[in-house]
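What follows is one structure encoded as C-alpha cells, with my remarks underneath.
The values are calculated or read from the model by the stated rules, or taken from the named source; none is laboratory data. Not measured: the values here are computed from a predicted model. Neighbour counts run over all protein chains shown; Cβ positions are idealised from the backbone, glycine included.
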Amino acid sequence: MPVKGLGAVARAFHRPLCLEETAFRDPEPGELLVRMSATGVCHTDLHAVDGDWPVKPPLPFIPGHEGVGVIVKAGREVHGVKEGDRVGLPWLRTACGECEWCLTGWETLCPRAAYGGYTANGSFAEYALAPAAYVGHIPARLTDVEAAPILCAGVTTWKALKEAEVTAGQWVAISGVGGLGQMAVQYAVTMGLHVIAVDVSSEKLWRAKDLGAEITLNAREEDVARRVQSEVGGAHGVIVTAVSLTAFREAIAMTRRKGTCVLVGLPPGEFPVPLFDVVLKRLTIRGSLVGTREDLQEALSVSAESGVRSRIQTQPLETVNDALDQLRAGKVEGRIVLTMSQGSSVL
C-alpha cells in the first residue's frame, strides 16, 4: 500500500517549493522505500528549483540528494540491504551498469545515469524511493545529520582530492572554503597533505585555519598565485570549489609544474585556458564530478573514523524555502540539514 507524507514539490521554476501531502508508491523490484530523517541542502538544489542548467529537471519534482533515513519497505530482488537499515540517497541515483564508463569504474559519466532530486524525485520529503544498488551504507559512528552532507559535499571533495593525485607531504591548495571547501581541508589533513586555503572571506579562512590549513590567503587582498609560487613553489594539487572564473584563473596560476588543477565549481561563462603555461609547465586540468559508489563509501568511512564533519545548521523540513533563500544570499557557512522533526541547532 502506498504511504503518504509531507513533500517539498517544485511545480514551477523560480518559485517557492510547495509543501504538500504526497503519495509514495510501493517499491518496485530492486527498489527501496525509505523513511527520511535528514537531508542536506546543496547549491545544486538551487540550480534545480530555478532551472538554471541547460538540461532542466522535469516538473513537478521533489529536490534533494543528501538524504538519510531508514528502509521501511524493500522490493523484490533487493540484495545487500534490508528493512531497518540506515541508508543514504546520493546525487547518483542510478546508472546503466553496461556502458564503457560503468564497466571501467566511471559510473558517474554514464550517459544514462539518473540523478536524485533532479531527473527523479529526491529527499526533500518524509519518504523517498531509491534503487537499492546505489544507496550509501551509513556507518554506525555517524548520526543521520552528520552523514547527510557527506552524500554530496563530502564525496565530491574526497573524489576531487583523489583526482589531484597528491600524496602525503605534498601541498594542496583549496580555493573556496565554504561548505565543500571546509570538508576538503579536513580530508586533505587526514591524507597527510599540507593545506593552503584560499577565499575572499576572512571568517571562512579563520575556520579553515582551525580545521588544519597551514596557510590561509585572502584573494581579495593579495596576489595568491604569486604567494603560493614564492612560498612553496606552487601547489602539487589545486581544488577549486569556488563558483568564480577569477578563482579558476588563479588556480591554474597556483599550480606547481607537473601539478594537477581539479575543477569542481560550475560558474557561468566560458573559461579561457592559458595554453602557454599548460604546455610548458606540463599542467593537468581536469573536472571532477561527485563520486562513484566506491568513492561514497570511502568518504563515509573516512569521516566516521577520522572525525571529518561539516559545520551543520539544522532546520525542520517545513522551512525548506527559507533554507534555499539563505543559500541564495550566501549566508550559509557550512551546510543546512533539514530534519523531519521540529527544532533547530548548530553542530
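Of all residues being in contact with a Gly (Cβ under 7 Å, 6 or more places away or on another chain) and not in a strand (DSSP E or B) in the range 298-324, which is surrounded by the most Cβ atoms within 10 Å (Cβ to Cβ)? Just the residue, please.
Top of the filtered list is Ala299.
Here is a check on your reading of the model: is Arg226 surrounded by fewer than 13 Cβ atoms within 10 Å (Cβ to Cβ), more than 19 Å from the chain's Cα centre (by Cα), not aromatic (Phe, Trp, Tyr) and not in a loop (DSSP other than H, G, I, E, B)? I'd like the intermediate steps shown before the answer.
Details: surrounded by fewer than 13 Cβ atoms within 10 Å (Cβ to Cβ): yes; more than 19 Å from the chain's Cα centre (by Cα): yes; not aromatic (Phe, Trp, Tyr): yes; not in a loop (DSSP other than H, G, I, E, B): yes.
Yes: the conditions hold for Arg226.
For Asp277, only one of the following conditions fails: (1) out of contact with any strand residue (DSSP E or B) (no Cβ under 8 Å at 6 or more places or on another chain); (2) assigned by TED's automatic domain parsing to the domain that holds Ala242; (3) modelled with pLDDT of 95 or more. What is its number?
It fails just one condition, (3).
Quick check, is Phe271 in contact with a Phe, Trp or Tyr (Cβ under 6 Å, 6 or more places away or on another chain), modelled with pLDDT under 95 and more than 18 Å from Gln186 (Cβ to Cβ)? Walk me through it before giving the result.
Working: in contact with a Phe, Trp or Tyr (Cβ under 6 Å, 6 or more places away or on another chain): yes; modelled with pLDDT under 95: yes; more than 18 Å from Gln186 (Cβ to Cβ): yes.
Judged against the criteria, Phe271 is a match.
Could you tell me whether any residue of the range 52-62 is of a type in the set (D, E, K, R), at pLDDT below 95, surrounded by fewer than 22 Cβ atoms within 10 Å (Cβ to Cβ) and in the same structural domain as Glu333 (by TED's automatic domain parsing)? Walk me through how you get there before you give the answer.
Taking the range 52-62 as the starting set, the residues that turn out to be of a type in the set (D, E, K, R) are 52, 56.
This time we only want the ones that are at pLDDT below 95, so: 52.
Next cut, surrounded by fewer than 22 Cβ atoms within 10 Å (Cβ to Cβ) only: 52.
So of that shortlist, the ones also in the same structural domain as Glu333 (by TED's automatic domain parsing) come out as 52.
Checking the range 52-62: at least one residue is of a type in the set (D, E, K, R), at pLDDT below 95, surrounded by fewer than 22 Cβ atoms within 10 Å (Cβ to Cβ) and in the same structural domain as Glu333 (by TED's automatic domain parsing).
Tally the residues that are of a type in the set (Ser, Thr, Tyr) and either out of contact with any helix residue (DSSP H, G or I) (no Cβ under 8 Å at 6 or more places or on another chain) or under 21 Å from Arg220 (Cα atoms) (or both), restricting the search to the range 246-275. Even if it seems obvious, please write down each step before you answer.
Start the filter on the range 246-275 by keeping residues that are of a type in the set (Ser, Thr, Tyr), which leaves 246, 255, 260.
When the remaining residues are screened for being either out of contact with any helix residue (DSSP H, G or I) (no Cβ under 8 Å at 6 or more places or on another chain) or under 21 Å from Arg220 (Cα atoms) (or both), the result is 246, 255.
Total satisfying the criteria: 2.
Touching an Asp or Glu at 6+ places or on another chain (Cβ under 7 Å), at pLDDT 95 or above and under 20 Å from Asp199 (Cβ atoms): does that describe Ile252? First the steps, then the outcome.
Working: touching an Asp or Glu at 6+ places or on another chain (Cβ under 7 Å): yes; at pLDDT 95 or above: yes; under 20 Å from Asp199 (Cβ atoms): yes.
Against the criterion (touching an Asp or Glu at 6+ places or on another chain (Cβ under 7 Å), at pLDDT 95 or above and under 20 Å from Asp199 (Cβ atoms)), Ile252 qualifies.
Can you tell me which condition Val145 does not meet? The list is (1) surrounded by fewer than 24 Cβ atoms within 10 Å (Cβ to Cβ); (2) farther than 25 Å from Gly67 by Cβ; (3) at pLDDT 95 or above, and all the others hold.
Failing condition for Val145: (2).
Suppose we keep only residues that are part of a strand (DSSP E or B) and in contact with a Pro (Cβ under 7 Å, 6 or more places away or on another chain) within the range 9-44. Which one would you say is surrounded by the fewest Cβ atoms within 10 Å (Cβ to Cβ)?
Filtering the range 9-44 down to residues part of a strand (DSSP E or B) leaves 9-10, 18-24, 31-41.
Imposing the further condition that a residue be in contact with a Pro (Cβ under 7 Å, 6 or more places away or on another chain) reduces the set to 9-10, 23-24, 31, 33, 40.
Numbers: Val9: 18, Ala10: 23, Ala23: 10, Phe24: 22, Glu31: 21, Leu33: 21, Gly40: 30.
Applying the filter and picking the extreme gives Ala23.
One residue is enough: does the range 31-42 have a residue meeting the conditions touching a Cys at 6+ places or on another chain (Cβ under 9 Å) and not aromatic (Phe, Trp, Tyr)?
The first filter runs over the range 31-42 and keeps only residues touching a Cys at 6+ places or on another chain (Cβ under 9 Å), leaving 40, 42.
So of that shortlist, the ones also not aromatic (Phe, Trp, Tyr) come out as 40, 42.
Looking through the range 31-42, at least one residue is touching a Cys at 6+ places or on another chain (Cβ under 9 Å) and not aromatic (Phe, Trp, Tyr).
Whether any residue in the range 248-266 is over 18 Å from Glu163 (Cβ atoms), crowded, with 21+ Cβ neighbours inside 10 Å, of a type outside the set (Ser, Thr, Tyr) and in contact (Cβ under 8 Å) with a residue 24 or more places away in the chain is what I want to check.
Here is the first cut: in the range 248-266, the ones over 18 Å from Glu163 (Cβ atoms) are 249-250, 253, 257.
Then keep just the ones that are crowded, with 21+ Cβ neighbours inside 10 Å; that gives 250.
From what is left, the residues that are of a type outside the set (Ser, Thr, Tyr) are 250.
Still in the list and also in contact (Cβ under 8 Å) with a residue 24 or more places away in the chain: 250.
There is at least one residue in the range 248-266 that is over 18 Å from Glu163 (Cβ atoms), crowded, with 21+ Cβ neighbours inside 10 Å, of a type outside the set (Ser, Thr, Tyr) and in contact (Cβ under 8 Å) with a residue 24 or more places away in the chain.
Residue-wise test of (1) out of contact with any helix residue (DSSP H, G or I) (no Cβ under 7 Å at 6 or more places or on another chain); (2) more than 25 Å from Asp325 (Cβ to Cβ); (3) among the charged types (D, E, K, R).
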residue	(1), (2), (3)
Lys4	yes, yes, yes
Ala12	yes, no, no
Glu21	yes, no, yes
Met36	yes, no, no
Gly40	no, no, no
Leu46	no, no, no
Gly51	yes, no, no
Glu66	no, no, yes
Val70	yes, yes, no
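One residue is enough: does the range 89-100 have a residue meeting the conditions within 19 Å of Val320 (Cα to Cα), part of a loop (DSSP other than H, G, I, E, B) and hydrophobic (A, V, I, L, M, F, W, C)? Quick ask: steps written out before the conclusion?
Kept after step one, since they are within 19 Å of Val320 (Cα to Cα), are these residues of the range 89-100: 89-91.
The next check asks that each one be part of a loop (DSSP other than H, G, I, E, B); those that pass are 90-91.
Next, only the ones that are hydrophobic (A, V, I, L, M, F, W, C) stay: 91.
Yes: one or more hits.
Can you tell me which residue within the range 254-295, out of those that are part of a strand (DSSP E or B) and among the small types (Gly, Ala, Ser), is farthest from Leu92 (Cα to Cα)?
Just the residues of the range 254-295 that are part of a strand (DSSP E or B), to begin with: 255-263, 284-287.
If we keep only those that are among the small types (Gly, Ala, Ser) too, we end up with 259, 287.
Values: Gly259: 29, Gly287: 17 Å.
It comes out as Gly259.
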